[in-house]
Amino acid sequence: MEIAVLAGGVGGSKFTAGVRHAYPDAGLSVIVNTADDITLHGLRVCPDLDTMMYTLGGGNDAARGWGRAEESWRIKDELARYGVEPSWFGLGDLDLATHLVRTQLLEAGYPLSQVTAALCSRWLADDPGLRLLPMSDDRVETHIVITDPESPSGRRAVHFQEYWVRLHAEPEALDMVRVGLDEAGPAEGVLAALAAADLILIAPSNPVVSIGPILAVPGIAAAIRSGRAPVIGFAGILDGAPVLGMAHRLLPMIGVEVSAAAVGLHYGARGADGVLDLWVMDDADASSTDRVRDGGLGVITTNLIMSEPAATARFVRKAAAEVGAA
């Protein structure tokens, strides 16, 4: 069995760990958002790829959900003593090695997909059936437009990482700019993974800044729609609130209500130029299933709390059985 997963960072990595628990022998290709990527101190940082790699490779900080276990921050503290900015984004001492290797390989001319494979040769060596694929080898970055009284226009755009990490998603998000997206293409291996898949899963990651950029890479959504594999999406909004992150701060920006049903309808049914065959919501949102069905999309409800990989595996298998792909 071949499975493709579209995912972002913390929530996406927890979901993918559950998928691996459900299907330990399947070929598993994880197409990861790279629109959160940023260059800091001359180093190319790929937060979602790294969170996925560390989590699946057993090296993440489980308490934080991101970064390396047993991390230290001496270099960050030393940079602060020099007064070097940005100080709001901390690169841990262990994590820094990943960014150094990545940047050196990128500057040597290797595409991000090959660089990612090289990094994963350390972390995922015990699971040769598991591949991490950046959504694109091209540079794509999400910037969020916020109010700025000091700007002549009254607005300014900040990198998504600054909006999330430094500003804690507190300013109202007025608009979004995805730099480089129109010129980007799917990374090496992405379209092949989608074509070979027996099942495609869309993780309960942020629909605006995690899943949205992946689907917006020219060619990816079309490949999903035209493929043979059933496509299942999982809600990250439970009972009107996101389980992780700040999707509630960004969904209004794109005109989508903060609810599981609205997100499912935003992704849409494959038969109506969307990407889904089945939308899975939590039992807490069972009252809105008719709304989803009326929108032409198949829907089921179950317990979507990802308390442990086995719990995630149970609801993934239930959903797969619904489309005949268990």
Worksheet item: Share of the range 140-299's accessible area from carbon and sulfur, percent, 1.4 Å?
Response: 49
Worksheet item: Hey, how many Å between the Cα centroid of the range 102-138 and the Cα centroid of the range 238-260?
Response: 31
Item to complete: Using R₀ = 25 Å, calculate the FRET efficiency as 1/(1 + (r/R₀)^6) where r is the Cβ-Cβ separation of GLU257 and ALA62; round to 0.05.
Response: 0.15
Worksheet item: Tally Lys and Arg at +1 and Asp and Glu at -1 over the other residues with C-beta under 12 Å from the C-beta of ALA221: what net charge comes out?
Response: +1
Item to complete: Please get the size of the charge dipole for the chain, origin at its Cα centre, with Cβ charges of +1 on Lys and Arg and -1 on Asp and Glu, quoted in debye to the nearest 20.
Response: 360
Worksheet item: Gaussian network model of the chain, Cα springs within a sub-10 Å range: biggest mean-square fluctuation belongs to which of ARG293, ARG228, ARG155?
Response: ARG155
Worksheet, complete the sentence: Between SER151 and MET1, the two model label points (7 Å from Cα along the beta-carbon direction) sit apart by a distance in nm of 4.7
Worksheet, complete the sentence: Which of (i) 57, 50, 37; (ii) 58, 45, 38; (iii) 58, 49, 33 gives Cα extents along the principal axes in Å as computed here? It is (i)
Item to complete: Just subtract the alpha-carbon distance of ALA216 and TRP88 from 0.36 nm times their residue separation and send over the number in nm, one decimal.
Response: 43.2 nm
Worksheet item: How big is the charge dipole of the range 140-283 about its Cα centre, in debye rounded to the nearest 20, if each Lys and Arg gets +1 on its Cβ and each Asp and Glu gets -1 on its Cβ?
Response: 220
Discussion item. Tell me the volume per residue, in Å³, of the convex hull enclosing the alpha carbons of the range 1-133.
Written reply: 103
Worksheet, complete the sentence: PRE zone check, label point 7 Å out along Cα-to-Cβ of GLU172, amide N under 20 Å, scope the range 221-247, hits 246-247
Worksheet item: What is the local net charge at ARG291, summed over the other residues whose Cβ is closer than 12 Å to its Cβ (Lys, Arg +1; Asp, Glu -1)?
Response: -3
Worksheet item: Which of the helices in the chain, when you take each full DSSP H run, stretch at least 24 Å along the axis at their Cα atoms and have an average Kyte-Doolittle score of 1.6 or higher?
Response: none
Practice prompt. Would you mind working out the accessible area per residue for the chain, using a 1.4 Å probe, and quoting it in Å²?
Written response: 42
Practice prompt. Pull out the extension gain between LEU40 and ALA321, defined as 0.36 nm times the separation in residues minus the alpha carbon to alpha carbon distance; nm, one decimal.
Written response: 96.7 nm
Item to complete: Order the peptides 240-251, 77-88, 184-195 from the highest to the lowest mean number of other Cβ atoms within 10 Å of their residues.
Response: 184-195, 240-251, 77-88
Item to complete: Give the span of the range 198-286's Cα atoms along each principal axis, as three whole-Å numbers ordered largest to smallest.
Response: 33, 27, 20
Response to the item:
In whole angstrom, the spacing between the Cα centers of the range 291-309 and the range 154-232 equals 21
Item to complete: Pull up the DSSP beta bridges for the chain and report the antiparallel fraction as a percent, rounded to 5.
Response: 40
Fill in: Per DSSP, loop chymotrypsin sites (Phe, Trp or Tyr not before Pro) in the range 148-219 with at most 14 further Cβ within 10 Å
none
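The values are calculated or read from the model by the stated rules, or taken from the named source; none is laboratory data. Please read these numbers as outputs of a predicted model, since none were measured by experiment. Methodologically, a virtual Cβ is constructed for each residue, glycine included, from the backbone with ideal geometry; neighbour enumeration extends over all protein chains shown. Quick note on the areas: whole protein, heavy atoms, side chains included, nothing else; ligands and nucleic acids left out. Shrake-Rupley method; radii C 1.70, N 1.55, O 1.52, S 1.80 Å.
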